[in-house]
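Throughout, read-outs are computed from the coordinates displayed, never taken from laboratory work. Note that the coordinates shown come from a computational prediction; the quantities given were computed from them, not determined experimentally. Cβ placement follows ideal geometry from the backbone for every residue including glycine, while neighbour counts extend to all protein chains displayed.
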Amino acid sequence: MKKNLFAAAAVVAFLGSAVAANAQTIGHVGANYSRVEADTALGDIEGDVFQAEGAVRFDAGSLGASINGAVTDYEGDTSFGATGHLNTNIGGGLLGGFAGVETSDDITLWGVGVDGQFNLAPNTLIYGQAGYGSSDDLGDADLWAVRGELRHFVGDNLKLQGSAGWLTADTDFGDADAWNLGLEAEYQFTGTPFSVLVGYDHFDSNDLDLDGDTFRIGARYTFGGSIRERDQSGAAFGSVSKLFGAGIIR
């Protein structure tokens, strides 16, 4: 596990250092620890999640583009995820589409969809994401999901965020619906590129007789601007994992 995490951190750090030299880029690299506690029909489940992750936004001609990626280790099971976005400015906001993949030794999930963000007030924006996912490894699953994030900035260096999502799955084993709610706060230390974050997500599915909670802490290095400028640019668009993971593992 440690070997995989060190390799992931090196790759993400290299991405950050390479793109930071270009003035048109903005993004972050970071590491998270999460504790997952779930109540299932077979009993209680607990686990530790370690993650190295990063995102970068850059210009692609007249369009904006961003890529986010993560390597996640859950109790020795390592998964890799990457999502690419293209968008354009519309009425002071951003609107576009995404495609991505989340894969491990046992499961591969592909996803595509649309997403965008718009300013509700000078210090508040809303981000939305909707898409379709497919996985042959989950009983030929077809998944549809929507999620949204409401972000409020207390100055340039403190972000408070609430999120909500809904997921429905059609598989060879049957159909299931699920929903999740989340809270997150990120603070960037004044005069530095470093920030810390804390987060909480709750997941629930009556169809699967499953509900769970995820508690998360992390640290980030932001390049190209403040966390507010990072989010406003489109560098904080969601991943396939966030959309279809329903808040259990980010």
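For Ala41 and Ala219 in the same chain, what is the full-extension length gain: residue separation times 0.36 nm, less their Cα-Cα distance, in nm?
60.6 nm
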TODO: Enumerate the whole-percent occupancy of each 10 Å bin, from 0 to the last occupied one, for all C-alpha pair distances of segment 67-114.
DONE: 25, 40, 23, 11, 2
Open item on the list: Can you give me the distance in nm between label points at Val154 and Asp48, each placed 7 Å from the Cα along the Cα-to-Cβ direction?
Closed with: 3.1 nm
- [ ] Report the convex hull volume per residue for segment 2-245, counting only C-alpha atoms, in Å³.
- [x] 118 Å³
TODO: Return the Cα extents of segment 16-105 along principal axes one, two and three, sorted largest first, each rounded to a whole Å.
DONE: 52, 30, 24
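Take the Cα atoms of segment 171-215, build their convex hull, and give its volume per residue in Å³.
Output value, Cα hull per residue: 83 Å³.
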- [ ] Give me the distance in nm between label points sitting 7 Å out from Cα along the Cα-to-Cβ direction at Leu208 and Phe118, one decimal.
- [x] 3.1 nm
Open item on the list: Using square roots of five times the C-alpha gyration tensor eigenvalues, list the equivalent-ellipsoid semi-axes of segment 87-218 in whole Å, biggest first.
Closed with: 30, 19, 14
Task: Phi to ³J(HN,Hα) by Karplus 6.51 cos²θ - 1.76 cosθ + 1.60 over segment 232-240, Hz, x for Gly, Pro - done: 4, 6, x, 7, 10, 5, x, 9, 4
